[in-house]
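The structure appears below as structure tokens.
The values are calculated or read from the model by the stated rules, or taken from the named source; none is laboratory data. It should be emphasised that the depicted structure is a prediction, and the values quoted were computed from it without experimental measurement. A quick note on method: Cβ atoms are made from the backbone with ideal geometry, for glycine too, and the neighbour counts reach across all protein chains shown. SASA here: full protein model, heavy atoms, side chains in, ligands and nucleic acids out. Shrake-Rupley method; radii C 1.70, N 1.55, O 1.52, S 1.80 Å.
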Amino acid sequence: KPYMELAEKLGQFAAKLWFVGEPKQFFSIQFEYYGNLTGRDTRIVTQAALAGLISAFSSSGPVGLVNAPIEAKRRGFQVSELSSNDPVNYSNLIALEISGKNGEKHRLEGALSDGARLQIVKIDGYPIVIEPSKIMLVFANNDEVGVIRRVAEVLEDLNINIEKFALSDRNRDGT
């Protein structure tokens, strides 16, 4: 059950982050399973991720587990699964890689830690540890003085509270 919830959240997050209103931009989705998930039947986990992904931009409401693969096929998405014993930093990593029709690729990785705490641990190569929530602000910027301050000021002017804050630097993990 926690793996299904993580997969669904990853699907929702990916859709909202990269494809809001533009689901036809992508055509293939690869789900990758590492660690404790290797060698297990992960079809239901993949279905949960597809349900989250498609529901995020479905005009007819949420897509269920049973209908998710059917809806993905109807939309022309190529869906694949990969299980790997390659060493990773988490004992139960789920990754999804989405390829766009224009050659664009995006990758999102998530894991369970501390029991069943859901975490997004990498976004397009940037290591980060964040818990998915309903409202999130995610942005990329050049590493220069004052950017974070300016973003915080805009949010303050709009009376938006920053409950949690996380930064990532792709260069810090050697990639």
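The table for this structure:
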quantity: Label-to-label distance, nm, for residues given as PHE27 and VAL129 (7 Å Cα→Cβ offset); calculated: 3.9
quantity: DSSP beta bridges in the chain [antiparallel fraction, %, rounded to 5]; calculated: 75
quantity: Accessible area in square angstrom per residue, segment 1-86, 1.4 angstrom probe; calculated: 53
quantity: Neighbour cut-off at most 15 other Cβ (10 Å), DSSP loop, trypsin sites (Lys or Arg not before Pro), segment 1-83; calculated: ARG40, ARG75
quantity: Cα-based helix-to-principal-axis angle, 2-18 vs the chain, degrees rounded to 10; calculated: 60
quantity: Degrees separating the helix 147-157 axis from the principal Cα axis of the chain, which is the longest one; calculated: 90
quantity: Sparse-neighbourhood loop sites, trypsin sites (Lys or Arg not before Pro) in segment 90-119 - DSSP loop, at most 14 other Cβ within 10 angstrom; calculated: LYS101
quantity: Mean separation of Cα contacts under 8 Å (6+ apart) over length of the chain, as relative contact order %; calculated: 23
quantity: Longest site-free stretch - the chain; sites: GluC sites (Glu not before Pro), DSSP loop, at most 10 other Cβ within 10 Å; calculated: 1-143
quantity: Compactness relative to 2.2 N^0.38 Å, alpha carbon Rg of segment 69-111; calculated: 1.40
quantity: With at most 11 other Cβ atoms within 10 Å, longest stretch of the chain clear of loop chymotrypsin sites (Phe, Trp or Tyr not before Pro) (DSSP); calculated: 1-138
quantity: Cα-based Rg of segment 1-151 normalised by 2.2 N^0.38 Å, two decimals; calculated: 1.04
quantity: Acute angle (nearest 10 degrees) that the helix 43-55 long axis makes with the longest principal axis of the chain, alpha-carbon atoms; calculated: 50
